Amino acid sequence: MAEVIPTKEMPPGLQVENVDDRIMTLNVGPQHPGSGHMRIIVKIDGDYIVDADPDPGYVHRGEEKMAEARNYITNIPHLERPVIHDSCNILYPYVLGVEDLVGIEVPERAKYVRVIAAELNRCIYIQYWLAIYGIFLGHSTMFMWPAGDRELFIDLMEKISGARVTHAYFVPGGVRNDVPANFEDVCLRQVNYFEKRIKEYGDIFYDNPILKARTEDTGVLSREDAIRLGTTGSVLRASGVDYDVRVKEPYDVYDELDVHTNVLKAGDSYARSKVPWLDMLESCNIIRQALEKMPKSGSIRTKLKPNPKGGLDEVYRRVESGRGAAGCYIVSKEKPEPYRLKLSVGSFRNLIALPYLLKGEKLGNMPAVYWSLNYWPVEADR
Amino acid sequence: MVEEHKATLTYTQLLKEDLGIFRLVPEDGVIPDYKAGQFLTIGMPVKSEGGKVVRRAYSIASHPENKKFFEFVIRWVRKPFPGRLTTELFNAESVSGVDFPDEKEIGVTYHLGSYTDPAYSKQVLALATRAPREETPNPGNDSTKLPSLRDMFYSVEFHEREVFEMLGVYFEGHPDNRRLLLPEDWADLPPLRKDFKNKGR
């Protein structure tokens with residue numbers, strides 16, 4: 001086969017590729033439900049994947065560029081767009097960072113409300129992800145159940161913030177508005193029912209022998225590789241690394257709550273799909289503790305000055321979102337707008353593991369491996 | 001500005017089997033001004049790789065007012081575990097490029113965390129450096145270049161690709177400098193530079 005030699009200077013990004021007769025190149029996505037809004041260029045030899053190259057960017061929206069033209073308050077609604085199911089957690093590092101820059105204190109009650117809202121949102125996100133994971137393994141019940149059960153918490157968040165998914169609830173200085181009057185009772189009742197409900201997932205999904213045969217020992221990520229590749233969140237904890245930002249670097253009131261980190265050792269697709277489920281059970285515990293310790297009355301927001309400005313400063317804050325550590329780096333230059341805002345998100349950091357996991361797998365196992373990464377394409381693109 | 005100079009190795013001392021002191025004197029004998037904490041990229045042809053010039057960045061250990069030589073203290077990280085010591089300690093949380101058009105520079109900040117060392121798990125280490133900026137960028141072919149940290153921290157691979165396409169900072173030594181998020185035929189300015197304007201604003 002003749003090798004292709006580029007004749008003139010090639011524009012950056014353009015690639016010339018020599019085709020092998022035996023290897024077939026397959027584009028999965030970007031408009032394929034099996035990949036989400038992302039393309040995975042898979043090279044297959046018969047039924048086995050020899051190479052996989054993730055190509056994100058299909059839903060890139062330039063959030064970081066947009067943030068440079070808006071002030072610290074008007075940035076709030078659009079910064080939660082990368083992952084609307086987890087909108088509280090993706091806003092959390094930004095809000096903490098702005099508070100550091102502007103230098104304001106948050107009332108005690110607001111900190112508890114934030115933690116509760118963040119944990120509710122984590123459950124909403126994980127339920128959505130679990131529904132997708134279920135349907136791609138051909139388990140339609142596992143699509144119906146989480147998609148129905150997450151409505152409980154969506155309704156609860158709607159009562160708090162007024163919106164079903166895009167809450168824009170966190171603001172620098174606290175939360176936007178107070179919780180409704182009977183919130184504690186309603187929340188406790190819903191959480192108890194929810195916990196009972198998701199424990200049943202174990203019987204139908206996680207102990208299912210067909211699921212185990214499909215996902216165990218596929219896409220194994222060793223502990224060393226998980227650390228070396230810089231993965232985060234459930235991918236990291238499924239490979240036996242005990243790391244959770246809520247425990248290691250507690251923000252707001254997480255240091256007053258008893259947070260248990262779920263760690264599994266296997267590092268395969270099954271372990272990666274089980275850790276988020278355990279995280280949901282842990283979230284229920286955290287919400288119950290927070291409801292108990294929350295001050296029953298008090299301020300929920302420290303008012304900012306109009307058009308708050310940061311100094312000549314920069315700040316990096318991180319939280320644990322549904323998909324791993326989410327960080328926000330803000331460079332401020334004494335303007336009402338951030339000079340540079342960078343979102344560092346779990347999906348983007350976990351993406352690097354995908355080519356390693358897919359190499360040598362069968363093509364049919366691709367959904368089981370890919371969705372177990374807890375990957376949200378829109379968040380990775382930002 | 002990146003300038004190439006030839007230099008002579010004038011002094012070596014082996015402190016341990018894997019640690020040594022090296023002194024370099026440029027061929028014209030002039031030591032340029034530098035600040036404490038800056039580094040030099042040193043290249044040497046390696047016979048085993050067919051005479052290819054291998055470049056690595058090393059921190060300067062001598063004092064900026066020392067105008068006689070550059071001194072380096074270099075530890076050899078053994079081949080079977082390339083960079084193992086540092087990767088066990090740090091993983092990239094984020095790599096952010098910041099454009100400073102007034103100072104004609106582009107800053108790159110690496111935020112590194114640690115999973116394995118409990119003493120560092122609470123902290124994030126920020127490494128910041130700057131590259132020269134050109135008015136009419138030609139990503140990959142102009143002077144906006146930095147040495148890649150990918151050999152040391154494997155996890156920066158996708159982050160550095162993102163900084164390359166968004167700000168036009170080329171990372172020398174990165175094995176895969178393709179576009180990541182932007183379309184392949186993007187011909188405009190790197191979008192996160194300050195002179196790239198949002199439409200309608």
Given (1) acidic (Asp, Glu); (2) over 20 Å from the mean Cα position of the chain (by Cα); (3) within 25 Å of residue A:37 (Cα to Cα), index of the condition residue A:151 fails: (2)
It is to be established whether one or more residues within segment A:148-155 are surrounded by fewer than 21 Cβ atoms within 10 Å (Cβ to Cβ), in contact with a helix residue (DSSP H, G or I) (Cβ under 6 Å, 6 or more places away or on another chain) and more than 29 Å from residue A:181 (Cα to Cα). no
Is it the case, given these coordinates, that residue A:221 is crowded, with 18+ Cβ neighbours inside 10 Å, part of a loop (DSSP other than H, G, I, E, B) and more than 9 Å from every other protein chain (Cβ to nearest Cβ)? yes
For the list (1) surrounded by fewer than 10 Cβ atoms within 10 Å (Cβ to Cβ); (2) modelled with pLDDT under 80; (3) part of a loop (DSSP other than H, G, I, E, B), I need the number of the one condition that residue B:28 fails. (2)
Checking residue A:166 against (1) under 15 Å from residue A:121 (Cα atoms); (2) surrounded by 16 or more Cβ atoms within 10 Å (Cβ to Cβ); (3) in contact with a helix residue (DSSP H, G or I) (Cβ under 7 Å, 6 or more places away or on another chain), only one condition comes out false. Which one? (2)
Hey, could you check segment B:122-140 for residues that are more than 12 Å from chain A (Cβ to nearest Cβ) and not hydrophobic (A, V, I, L, M, F, W, C) and say which is surrounded by the most Cβ atoms within 10 Å (Cβ to Cβ)? B:133
Name the residues in segment B:174-194 that are more than 10 Å from every other protein chain (Cβ to nearest Cβ), more than 18 Å from residue A:352 (Cα to Cα) and modelled with pLDDT under 85, would you? B:188, B:189
For segment A:309-331: of the residues being surrounded by fewer than 23 Cβ atoms within 10 Å (Cβ to Cβ) and among the β-branched types (Val, Ile, Thr), which is farthest from the other protein chains (Cβ to nearest Cβ)? A:315
Filtering segment A:239-271 down to residues that are away from every other protein chain (no Cβ under 14 Å) and under 19 Å from residue B:122 (Cα atoms) yields A:252, A:253, A:256, A:257, A:258, A:259, A:260, A:262
Pair list, Cβ under 7 Å, 6 or more apart: segment B:60-85 residue at pLDDT below 70, other residue assigned to a strand (DSSP E or B): none
Being buried (at least 23 other Cβ atoms within 10 Å of the Cβ) and assigned to a strand (DSSP E or B), is that true of even one residue in segment A:188-200? no
Subset of segment A:31-50 (residues that are part of a loop (DSSP other than H, G, I, E, B) and within 20 Å of the chain's Cα centre (by Cα)): A:33, A:34, A:35, A:37, A:38
Do the conditions hold for residue B:160, that is, is it under 22 Å from residue A:61 (Cβ atoms), in contact (Cβ under 8 Å) with a residue 24 or more places away in the chain, among the acidic types (Asp, Glu) and more than 10 Å from chain A (Cβ to nearest Cβ)? yes
Counting just the residues of segment A:206-218 that are in a loop (DSSP other than H, G, I, E, B) and either among the basic types (Lys, Arg) or touching a residue at least 24 places away in the same chain (Cβ under 8 Å) (or both), which one comes out farthest from the other protein chains (Cβ to nearest Cβ)? A:208
Result of the Cβ filter at 8 Å on segment B:14-33, keeping first residues that are under 12 Å from residue B:70 (Cβ atoms) and partners that are at pLDDT below 80 and assigned to a strand (DSSP E or B), at least 6 apart or interchain, is B:21/B:15
Restricting segment A:37-90 to residues that are more than 14 Å from chain B (Cβ to nearest Cβ) and among the acidic types (Asp, Glu), the one surrounded by the fewest Cβ atoms within 10 Å (Cβ to Cβ) turns out to be A:47
Would you be able to tell me the number of residues in segment B:34-47 that are in contact (Cβ under 8 Å) with a residue 24 or more places away in the chain and not in a strand (DSSP E or B)? 3
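The values are calculated or read from the model by the stated rules, or taken from the named source; none is laboratory data. Every value quoted in this text rests on a predicted model; they were computed, and no experiment measured them. Methodologically, a virtual Cβ is constructed for each residue, glycine included, from the backbone with ideal geometry; neighbour enumeration extends over all protein chains shown.
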